[in-house]
Amino acid sequence: MTRIFNFSAGPAALPQAVLKQAADELLDWHGSGQSVMEMSHRGKEYMGIHARAEADLRELMGIPANYKVLFLQGGATLQFEMIPMNLLAGKAGADYVHTGEWAKKAIKAAKLFGKVNIVASSEEGKFTYAPAQKDWKLDKDAAYVHYTANETIGGVEFHWTPDTVGVPLVCDMSSNILSKPVDVSKYGLIYAGAQKNIGPAGLTIVIIRDDLLGKGVPAPQTMLDYKTHADNDSMYNTPPTYGIYIAGLVFQWLKQQGGLAAMEQRNIEKASLLYDYLDASSFYGNPVRKEDRSRMNVPFTLGDAALDEEFLKGAKARGMVQLKGHRSVGGMRASIYNAMPLAGVAALVDYMKEFEARVAK
Ligand code: PMP
């Protein structure tokens, strides 16, 4: 068996140890004689898997007791709408920070429900940096402040937590959740689609402070109300059981790796290897301000875009796939989430050096 290095932005690579365990347990989970996929979500076995996944996530992220963890569906995209539906709470509007493609989608969705104040934007700088806190024009009457912790397409990451002086902070952490420790108590709500750093697509995680539950005005319809899911331990309807099981295995794997502080060190090491080479090279480029560069998604361009196809072909021949940049920006993008080993980044850098030496004569 040959495993490739998959640099996809999501669905993305999963830890090989997790896939192996899932394979070993596929037909007969722990002597139950059945696959997790086949289990009743109300049965003792699955309830145990579900509870352990939540407990391990709480432990990894240090989630305080006054926060609920919800296992939902519909992707981060549904959260773009559920957030204003549930959190505008009768107020006129909410504050949004505009940092690129994903912030833009969150803003567009929120406008369906209320007034959106763009309190900071990096648009004039072509979304190549994270706007400094001192430049945010916060409205103290805003229902909440929303920002995108990591712009998956632009490769811009906040390496600091905003201070919103008492207004609930809402964060799209889809592409950097679990990549480093975060202080959950600084947030009102954190959400993330699973398919990058958590598990398979189809599961969405929401972490919400409990005083924000049941505040929607008018109350959202049952399935769109966070309170429904909080009151029913994410089992109001059938949850995405297999996705939650795999996420649970990823959480166990993260604990075995030493937790989020250890992951952060590894992620710094991996990202530095790639950025140091990009900076040293006159052939490759990355437009993002150094202090705001993403450790998860590294976009880069070749000196000559006409060479893009050749670069991708050569990478594929060496077992490295999904390096093509997002269609909206072009160039290349290497997504190097938790499950990407240092060896994968090293192999990419070796190939980039070889390619540069060959074409940039
Ligand atoms: N936010 C960010 C930062 C993302 O990267 C993505 C997906 N790439 C989304 C939201 C949308 O997620 P989904 O496809 O799960 O709805």
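For the condition surrounded by fewer than 19 Cβ atoms within 10 Å (Cβ to Cβ) and part of a loop (DSSP other than H, G, I, E, B), what is the one hit in Leu27, Leu14?
Only one candidate passes the filter, namely Leu27.
Hey, does segment 95-116 have a residue that's more than 16 Å from the ligand (Cβ to nearest atom), in a strand (DSSP E or B) and free of Cβ contacts under 8 Å to residues at least 40 places away in the same chain?
yes
Exactly one condition in (1) buried (at least 16 other Cβ atoms within 10 Å of the Cβ); (2) in contact (Cβ under 8 Å) with a residue 24 or more places away in the chain is not met by Gly319; state its number.
(1)
Taking the conditions exactly as written (of a type in the set (D, E, K, R), surrounded by fewer than 15 Cβ atoms within 10 Å (Cβ to Cβ) and over 24 Å from Gly330 (Cβ atoms)), does Lys126 satisfy them or not? So that I can check it myself, show each step before the final result.
Working: of a type in the set (D, E, K, R): yes; surrounded by fewer than 15 Cβ atoms within 10 Å (Cβ to Cβ): yes; over 24 Å from Gly330 (Cβ atoms): no.
No: the conditions fail for Lys126.
Conditions: (1) outside any strand (DSSP E or B); (2) within 20 Å of the chain's Cα centre (by Cα); (3) of a type in the set (A, V, I, L, M, F, W, C). Val170 meets all but one. Number of the miss?
(1)
Residues in segment 253-264: is at least one more than 20 Å from Gly62 (Cβ to Cβ) and modelled with pLDDT of 95 or more? I'd like the intermediate steps shown before the answer.
Start the filter on segment 253-264 by keeping residues that are more than 20 Å from Gly62 (Cβ to Cβ), which leaves none.
No; the residues of segment 253-264 include none that is more than 20 Å from Gly62 (Cβ to Cβ) and modelled with pLDDT of 95 or more.
Inspect all residues belonging to segment 167-179 and state whether any of them is without any contact (Cβ under 8 Å) to a residue 40 or more places away in the chain and surrounded by fewer than 22 Cβ atoms within 10 Å (Cβ to Cβ).
The answer is yes; a qualifying residue exists.
Any idea which of Phe127, Phe80, Phe71 is among the aromatic types (Phe, Trp, Tyr), at pLDDT 95 or above and assigned to a loop (DSSP other than H, G, I, E, B)?
Phe127
Pick from segment 49-68 the residues that are assigned to a loop (DSSP other than H, G, I, E, B) and under 18 Å from the mean Cα position of the chain (by Cα): which of them is nearest to the ligand (Cβ to nearest atom)?
My answer is Ile63.
For segment 273-311, which positions are over 19 Å from Ile336 (Cα atoms) and in a strand (DSSP E or B)?
none
Looking at Gly155, Gly166, which one is within 28 Å of Glu54 (Cα to Cα) and either in contact with a Pro (Cβ under 6 Å, 6 or more places away or on another chain) or away from the ligand (no atom under 16 Å from the Cβ) (or both)?
Gly166
Look through segment 329-355, keep the residues that are farther than 23 Å from Gln257 by Cα and among the small types (Gly, Ala, Ser), and return whichever of them is surrounded by the fewest Cβ atoms within 10 Å (Cβ to Cβ).
Gly330
Inside segment 173-199, can you point out the residues that are under 8 Å from the mean Cα position of the chain (by Cα) and either at pLDDT below 95 or of a type in the set (D, E, K, R) (or both)?
Selection gives Lys196 alone.
Any idea which residue in segment 312-326 is farthest from Glu101 (Cα to Cα), counting only those that are assigned to a loop (DSSP other than H, G, I, E, B) and more than 19 Å from the chain's Cα centre (by Cα)?
Arg318
Every residue in segment 226-235 that is under 15 Å from Leu78 (Cβ atoms) and surrounded by fewer than 20 Cβ atoms within 10 Å (Cβ to Cβ), please.
Hit for segment 226-235 is Thr228, nothing else.
Would you mind telling me which numbered condition in (1) assigned to a helix (DSSP H, G or I); (2) in contact (Cβ under 8 Å) with a residue 40 or more places away in the chain; (3) surrounded by fewer than 20 Cβ atoms within 10 Å (Cβ to Cβ); (4) of a type in the set (Gly, Ala, Ser) Gly90 fails?
Only one criterion in (1) assigned to a helix (DSSP H, G or I); (2) in contact (Cβ under 8 Å) with a residue 40 or more places away in the chain; (3) surrounded by fewer than 20 Cβ atoms within 10 Å (Cβ to Cβ); (4) of a type in the set (Gly, Ala, Ser) is unmet by Gly90, namely (1).
Can you tell me which residues in segment 327-348 are outside any loop (DSSP other than H, G, I, E, B) and in contact with an Asp or Glu (Cβ under 9 Å, 6 or more places away or on another chain)?
Correct list: Met332, Leu342, Val345.
Residue-by-condition table, conditions (1) more than 16 Å from the ligand (Cβ to nearest atom); (2) surrounded by 15 or more Cβ atoms within 10 Å (Cβ to Cβ):
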{"residue": "Val184", "(1), (2)": "yes, yes"}
{"residue": "Ala194", "(1), (2)": "no, yes"}
{"residue": "Asp211", "(1), (2)": "yes, no"}
{"residue": "Gly214", "(1), (2)": "yes, yes"}
{"residue": "Val217", "(1), (2)": "yes, no"}
{"residue": "Pro220", "(1), (2)": "yes, yes"}
{"residue": "Met223", "(1), (2)": "yes, no"}
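The values are calculated or read from the model by the stated rules, or taken from the named source; none is laboratory data. Note that this is a predicted model, so its numbers are computed, not measured. Neighbour counts are summed over all protein chains in view; Cβ atoms, including those assigned to glycine, are modelled from backbone coordinates with ideal geometry.
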